Structure formats: C-alpha cells, structure tokens
Amino acid sequence: MTINCMIMSETSTPQPASNNNRHKDDQKKSLVFDATVLQHESSIPPQFVWPDHEKPNCSHTPELQVPFVDLGGFLSGDHDASIRASELVGEACRKHGFFLVVNHGVDANLISDAHHYMDCFFEQPLHEKQRAQRKLGEHCGYASSFTGRFSSKLPWKETLSFEYSAQEGSSHIVEEYFQRTLGQDFAHLGKVYQEYCSAMSRLSLGIMELLAMSLGVNRSHFKEFFEENESIMRLNYYPPCQKPDQTLGTGPHCDPTSLTILHQDTVGGLQVFVDNEWRSITPNINAFVVNIGDTFMALSNGRYKSCLHRAVVNSMSPRKSLAFFLCPRKDKVVSPPPELVDSVNPRIYPDFRWPALLEFTQKHYRADMNTLQTFSNWLLQQQQQQKTAVVL
Ligand SMILES: C=C1C[C@]23C[C@H]1CC[C@H]2[C@]1(C)CCC[C@@](C)(C(=O)O)[C@H]1[C@@H]3C(=O)O
Ligand SMILES: O=C(O)CCC(=O)C(=O)O
Ligand SMILES: [Fe+2]
C-alpha cells in the first residue's frame, strides 16, 4: 500500500502553468480529459456542456425518501424480520427501484480500504492510468470521461471498470486483472477489490432472496439464477469542476445491468428522477444504495422499476462511488419465472442473454431511460429478419 500511495502524493502536485497551456494546445488536436488540469479551469470544453434541459439545478434538489432496509434480522435468519425487509424492498421497487441497506454485514474497513485505494489509482498522472485504458467497444478498463467514444454530453468523470466472476475457478479474476494491466505494484489493490466484489456478490444474493419473497416467487429462484454471476465492478471518480451547473458526472440513465449496489462517499451527488423531478440521495457511509437495473426489470416481467438516475459534480471536492453491477452468467437466459406471467400480466420483453444487451449499450446505443425498450424492439426486429431470411 505504501508504494501506491507514494505514487499518489507525487502526482497530486499542481501542474505548472506552462504545462496547462501545452495541454490546451493538445486539446485542439484531440480532446483529453486530464482531471489534474481541467479541475482548475474556469471554463470547460463545450463537449462537457449539457443541453439546458438536462443541466442540473444546483440550487434546489429535494431529498428522495428511500426506505432503510435493515438486513440484520434477515442475515441472522429471523423469519419476521425477513418478511418486513422484503415488504420494504417490494414497496420501493414498485415505486422507483431505489432503497438503502444497513446492517448489511460488509466489513467497514473493507469499504474504507476500497475508497482509499481509489485515491491511489486516480491521483496518478494520466499516462499511468492509461496503462489500463478501456478500448472502444469494451466495457472494462480505465476511461477518462468518454472522449474517444462520444463527442457531446461528455461526463465529468473518470472510471475504472473490471470483471468479477462468482464461478468456481475464477476466484482471483480481479487480482489477476490488476496485476496484468497495472503490474506488481498494484497487487494489493487487486486483493482489496477482489474481496470487495466477493462481499458485493454475497450481499446481492441475499437481496435476490428478498426480491423473490417480495414478488411471491420461490425464495431461492433469483439467488440460484445469479449464483454464478459474471458481474462488473466500477470505480467512479468525479474530479471537482469549476462549472458544476453546466455539466454532469454521469448523465441520466437506467442501469442496463440487473442490480446495482453503490457505496458513495460523504460528498453527495447521486440523484434519481421520481414524480417528474430530480431528487438527491443523501450519502450515508453505513448504507449501500441498491437499485434495480433493466435486466432485473425484464426478469420481474416489468413488475419492478429500473429508474432514471444521474450524478452531479461540484466545484470543491472530488467525489467517489463504488458501483457493483450484478449480471447473470453469460449463458443464462433472462426470462421471468412462470409465477409472474399470466393473462393479466403477459410477457413484456423477449428472452435475451445479458451479453446481447451489454453489446447493445457498447456498440449501438448510448444508455438512457429507454434502453430496455429500444433493445427489446431491436431484438424482435432482428429475430423477425432472421425468420424471413430462413423462409427465403
Ligand atoms: C455494462 C455497463 C455499461 C456501463 C457500465 C456497465 C454498467 C452500467 C453502464 C452505464 C453506467 C449506464 C449509463 C451510461 C454509461 C455509459 C456511463 O455513464 O457510465 C454506462 C456504462 C458504460 O458503458 O461505460
Ligand atoms: O456515482 C453515482 O452516484 C452514480 C453512478 C452510476 O449511476 C453508475 O455508475 O451507473
Ligand atoms: Fe447508474
């Protein structure tokens, strides 16, 4: 750990002015999101300026009242407490799909280490982080904003994303990723995030039991479905921005994945669109923010909502969040259990496998509030074209 944090302190030194000017010239050639420079600039490149109707209203954002689901009783096998927890979860998921979990059993030191090592990674110079550069069309690696991917409405953030697998034989996948892409100096970070992902996977399987109970399906149905999950972990780092009212850290979107377990630091910035207005979720270091993603919305045959959310930035302090995106094993077919389909509730979405939706968001469509519906239409159209081709 000391090695990595030495890297951090060296790089947090402010850049000399001449360096800043050189950077501006570079930007003319191709836009680069170098946070060490851009966080001090009084005007921001136009690609980061969002249209007026999507700009955040920094002066007034009411708080979203989300239920605190105490998992203590459920995790120790208390039947009544489990019923109560599942009722709260069900109520939130029918409304907007967001709730908080407390007494979740995840070690507070592990969470604090996971935040600490984010500083170690993101406070390095850009070229060091770029050793893990995310390639176009891929969802893993380091991305400094999405400069190579999109040309407008760019997010004011840097991310490091990597895969986790709960399958037997993959128990070192995260550690191996860090060593492979960043070298031996980062072995310890790999260990911490491996452990963090295992804790998130365990927690999400517990939440899957509560979701099943609340939907009235076999308690272990979704837990078994996600037992061998092949998930995505993402570290979100939002540098300060001198024009926070013009841009967004993460634009409005619904998570295409199944369930997101997010831990935000104390800065605040997460907002959810409920009842036609943006509302903030106040940070609480003892809680994880959990939300339903599009894939679970499809699994629940539309009963549970995947809700639009975004993250705003501020001019004072960097903000960090850790997002674990639960995803099914790649070959699993996303199809709702029979209990959730009847004549009153016919199928809303066609069967699909998660990699198809992932590819759709990476290659064909910028994730937004309509991702699942647009993907469903696209899939049905593809299937229709294939059938026509066979007949011809
Ligand atoms: C499969 C993924 C694509 C995104 C990262 C993971 C899970 C969620 C996706 C994302 C967060 C949805 C909103 C838009 C996005 C582009 C982002 O702002 O980060 C998405 C991720 C991505 O493609 O990088
Ligand atoms: O950082 C946040 O609070 C939200 C991030 C988010 O929505 C995401 O990564 O999908
Ligand atoms: Fe999200």
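To the nearest 10 degrees, how steeply does helix 2-11 sit against the main Cα axis of the chain, on a 0 to 90 scale?
Between helix and principal axis, roughly 60 degrees.
Take GLN242 and SER170, extend 7 Å from each Cα along the Cα→Cβ direction, and tell me the distance between the two endpoints in nm.
Between GLN242 and SER170, the label points sit 4.5 nm apart.
Over 34 Å, how big is the tail of the calculated P(r) for the chain, in percent of all Cα pairs?
Result for the distance tail: 29 percent.
Using only Cα atoms and rounding to the nearest 10 degrees, what angle (0 to 90) does helix 187-215 make with the longest principal axis of the chain?
So the inclination is approximately 30 degrees.
Checking the table LYS153/LYS330; LYS332/LYS363; LYS129/LYS191; LYS129/LYS157 against a 24 Å threshold on Cα-Cα, which pairs fail?
Table pairs above 24 Å Cα-Cα are LYS153/LYS330.
Could you tell me the calculated FRET efficiency between LYS95 and GLU227, based on Cβ-Cβ distance and R0 = 35 angstrom, to the nearest 0.05?
0.80
Using only the Cα atoms, what convex hull volume per residue in Å³ does the stretch 245-347 have?
Given the Cα convex hull of the stretch 245-347, per-residue volume reads 128 Å³.
List residues of the stretch 322-361, by number, whose backbone nitrogen lies under 20 Å from a label position 7 Å along Cα→C-beta of GLU163.
So the set is 323-334, 352-361.
So if each residue of separation counts as 0.36 nm, and I subtract the Cα-Cα distance between VAL391 and SER280, what length gain in nm does that give?
Values: separation 111, 0.36 × 111 = 39.96 nm, distance 5.27 nm.
Using 0.36 nm per residue and subtracting the Cα-Cα distance, I get 34.7 nm.
Any idea how far apart HIS364 and ARG180 come out in nm if each label point goes 7 Å out from Cα toward Cβ?
My value for the distance between the label points is 2.7 nm.
Compute the long axis of helix 79-95 from its Cα atoms, compare it with the longest principal axis of the Cα atoms of the chain, and write down the angle in degrees, 0 to 90, nearest 10.
Between helix and principal axis, roughly 70 degrees.
Only loop residues by DSSP count here, and only those with at most 16 other Cβ atoms within 10 Å; note down the trypsin sites (Lys or Arg not before Pro) in the stretch 181-269 that meet that.
Sites meeting the loop and neighbour criteria: ARG219.
State the extension gain, in nm to one decimal, for the chain segment bounded by VAL102 and GLU339, taking 0.36 nm per residue of separation less the distance between their alpha-carbons. Display every interim value, and only then the final one.
Numbers: separation 237, 0.36 × 237 = 85.32 nm, distance 2.98 nm.
Using 0.36 nm per residue and subtracting the Cα-Cα distance, I get 82.3 nm.
State whether the stretch 289-379 is rounded, prolate or oblate according to the following rule on the C-alpha gyration tensor (a ≥ b ≥ c being the square roots of its eigenvalues): a/c under 1.5 gives rounded; otherwise a/b larger than b/c gives prolate, and the remaining case gives oblate.
Note, shape of the stretch 289-379 comes out prolate.
Run the simple label-point estimate for HIS127 and ASP331 please: 7 Å along Cα→C-beta, distance reported in nm.
4.5 nm
Report the full-extension gain for the segment GLN384 to HIS60: residue separation times 0.36 nm, less the Cα-Cα distance, to one decimal in nm. Intermediate results must be reported in sequence, preceding the final value.
Details: separation 324, 0.36 × 324 = 116.64 nm, distance 4.73 nm.
Stretched fully, the GLN384-HIS60 segment lengthens by 111.9 nm.
Throughout, read-outs are computed from the coordinates displayed, never taken from laboratory work. None of these values were measured; they are calculated from a predicted model. Note that we place each Cβ from the backbone using ideal geometry, even for glycine, and neighbour counts take in every protein chain shown.
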